[in-house]
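The values are calculated or read from the model by the stated rules, or taken from the named source; none is laboratory data. On a predicted model such as this, the values are computed, not experimentally measured, just so you know. Cβ: placed from backbone, ideal geometry, glycine included. Neighbour counts: every protein chain shown. Areas reflect the complete protein model, heavy atoms only, side chains present, ligands, DNA and RNA absent. Shrake-Rupley method; radii C 1.70, N 1.55, O 1.52, S 1.80 Å.
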Amino acid sequence: MSMVKIPCPNCNVDGMMSLLDLRYEGPYRCWKCHENFLLIMEDNELISCTPMTQEEFDRQRDLKKQRDRMKDF
């Protein structure tokens with residue numbers, strides 16, 4: 001597990017996230033400005049950080065939960 005620094009494109013504050021896998025694609029919410037983003041990270045590097053609506057964020061969060069549950073099988 002590693003901690004990754006994520007700079008918010010909206011308010012420029014750094015957030016932190018711990019990752020178990022080398023690749024992450026999923027929702028992220030800035031702790032400071034509360035903006036929602038879709039993150040794509042690979043090898044602990046930020047590849048993409050795209051703004052999302054609250055509805056998109058909720059949908060991505062639900063999809064991630066489903067994918068995580070499927071990993072256990």
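Put a dot 7 Å past the Cα of residue 23, heading toward its Cβ, do the same for residue 46, and the two dots end up 2.1 nm apart.
I'd like the carbon and sulfur percentage of the solvent accessible area for the chain, probe radius 1.4 Å, heavy atoms only, ligands and nucleic acids excluded.
Using a 1.4 Å probe with all protein chains present, the chain comes out at 51 percent carbon and sulfur.
Where only DSSP H runs of four or more residues are counted, the chain gives -8500 deg cm²/dmol as its mean residue ellipticity at 222 nm, each run worth -39500 (n - 2.57).
Accessible area per residue for segment 14-73, computed on protein heavy atoms with a 1.4 Å probe, is 73 Å².
Per residue, the convex hull spanned by the alpha carbons of the chain comes to 79 Å³. Taking segment 1-27 and a reference point 7 angstrom along Cα→Cβ of residue 56, the backbone N atoms nearer than 15 Å belong to 9-10, 26-27.
The relative contact order of the chain, computed from alpha carbon pairs under 8 Å that lie at least 6 residues apart in sequence, is 22 percent.
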